[in-house]
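K.L.:
This is the structure I want to talk about, given as structure tokens.
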């Protein structure tokens, strides 16, 4: 039975995630935008897609065999931004807490390891292999069973999509890049030969070697090649091919994926993926440490009362208490707020009280209906109006609901019946 296998090109993936979101930091100044986007992908999109296996591959540190072929390989690449470099450890730590292993083979790039795995794994039981990357050279691996997956655009590229992208079959991608490579990897190519010319020639001759066989015997081959190719292989273009031959074949070597990397002890079963196992307690703690509160699995949080948390909740039950709280609030940049109501239906709900957390030692409950002293309706209305019009950042779990409740509360007159109020007087505060 075939399986769905995800091969993640770690370096490509991390770079793309870093530039997908503006930089932001924890309260202590720890930059986490790439880490957050990676986390969101793993616990969200990846869990939903539920592949059978996930393998995360990264480039080995230092030079690789391509630097022996060409010392200037990737020499012009910009240095990794410090704000991304500082997140690499966090990302790898997080992936480990998800029970996903990372493969890194000295002297090789991630692309070579991906090529080795892709070539072997799809042949075993005709598995479906998806390469999660944005690198052009990996399109050379595309077959009916091996596809490139752009997770941000949700686009999967097989043979047809690869042809649409490059104008040549996947088998020709390596030689296409050898002829007209972009400059990102600082690889020499044939100067002045544009993609259209490479497409025409490769669609007819299928390889760099065949193109040069024709060029080396162009006078005797003219009758056997198409008119369009004849137009390409003359004048300045022919001169550029002749002058650039050595560089073209060097570029071809640099663009060739080594699909025979030795992977000692590799066993696909060690990379099986389970959505249930990704949510480890260590991962939840790590999300909390990095302040990824929106990603914390609410089901894993133990339900507790305030008294079991050893936190003292200060009940606000009169106008003076409300004024003291307001003075504290306006010294903050942000607060956490929550409403307690009589219903989940906004149109029916009455506001029972408002919880406000300034920090772990300053937790307040503005009481409107419980058995403790209660803040008068008008004073509570005025307080909430001022709060909503202030520049204080409000943080809430279900903010849309809380905001609707507060806006509704400040816009109408008191309509609480005695029986409804007495019902809440019989309850104790449990948040």
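The values are calculated or read from the model by the stated rules, or taken from the named source; none is laboratory data. Quick caveat: nothing in here was measured; it's all calculated off a predicted structure. Every residue, glycine as well, gets a Cβ built from its backbone with ideal geometry; the counts of neighbours run over all protein chains shown.
K.L.:
Among the numbered criteria (1) over 16 Å from residue 233 (Cα atoms); (2) under 31 Å from the mean Cα position of the chain (by Cα), which one does residue 180 miss?
P.N.:
Unmet for residue 180, out of (1) over 16 Å from residue 233 (Cα atoms); (2) under 31 Å from the mean Cα position of the chain (by Cα): (1).
K.L.:
Related question: If I filter the stretch 160-181 down to residues being in contact (Cβ under 8 Å) with a residue 40 or more places away in the chain and part of a helix (DSSP H, G or I), which single residue comes out as nearest to residue 194 (Cα to Cα)?
P.N.:
179
K.L.:
Go through the stretch 28-69 residue by residue and tally those that are at pLDDT below 90 and touching a helix residue (DSSP H, G or I) at 6+ places or on another chain (Cβ under 6 Å).
P.N.:
Qualifying residue count, the stretch 28-69: 2.
K.L.:
Moving on to the next point. Any idea which of (1) touching a residue at least 40 places away in the same chain (Cβ under 8 Å); (2) over 30 Å from residue 115 (Cα atoms); (3) in a helix (DSSP H, G or I) is the one residue 291 doesn't satisfy?
P.N.:
(3)
K.L.:
For the stretch 192-248, list the helices (runs of 4 or more DSSP H) that sit wholly inside it and hold at least 3 residues that are within 40 Å of the chain's Cα centre (by Cα); which are they?
P.N.:
Where helices (runs of 4 or more DSSP H) fall fully within the stretch 192-248 and carry at least 3 residues being within 40 Å of the chain's Cα centre (by Cα), they are 195-205.
K.L.:
While we're looking at this one, here's another question. Going by the conditions given, is residue 145 within 16 Å of the chain's Cα centre (by Cα) and surrounded by fewer than 20 Cβ atoms within 10 Å (Cβ to Cβ)?
P.N.:
On the way: within 16 Å of the chain's Cα centre (by Cα): no; surrounded by fewer than 20 Cβ atoms within 10 Å (Cβ to Cβ): yes.
Spelling it out, it is not the case that residue 145 is within 16 Å of the chain's Cα centre (by Cα) and surrounded by fewer than 20 Cβ atoms within 10 Å (Cβ to Cβ).
K.L.:
Taking the stretch 47-63, which residues are closer than 28 Å to residue 108 by Cα and either out of contact with any strand residue (DSSP E or B) (no Cβ under 7 Å at 6 or more places or on another chain) or touching a residue at least 60 places away in the same chain (Cβ under 8 Å) (or both)?
P.N.:
Matches in the stretch 47-63: 51, 52, 53, 54, 55, 57, 59, 60, 61, 62, 63.
K.L.:
Given (1) more than 17 Å from the chain's Cα centre (by Cα); (2) surrounded by fewer than 18 Cβ atoms within 10 Å (Cβ to Cβ), identify the lone condition not met by residue 116.
P.N.:
The single condition residue 116 does not satisfy is (2).
K.L.:
Taking residue 190, is it at pLDDT below 85 and surrounded by 12 or more Cβ atoms within 10 Å (Cβ to Cβ)?
P.N.:
The answer is yes for residue 190.
K.L.:
If you don't mind, there's one more thing I want to ask. Restricting the search to the stretch 9-33, which residues are buried (at least 19 other Cβ atoms within 10 Å of the Cβ) and over 9 Å from the mean Cα position of the chain (by Cα)?
P.N.:
Listed by number, the residues that qualify are 9, 10, 12, 31, 32, 33.
K.L.:
Related question: If the requirement is being surrounded by fewer than 16 Cβ atoms within 10 Å (Cβ to Cβ) and modelled with pLDDT of 95 or more, which of these qualifies: 209, 243?
P.N.:
Of 209, 243, the one residue that is surrounded by fewer than 16 Cβ atoms within 10 Å (Cβ to Cβ) and modelled with pLDDT of 95 or more is 209.
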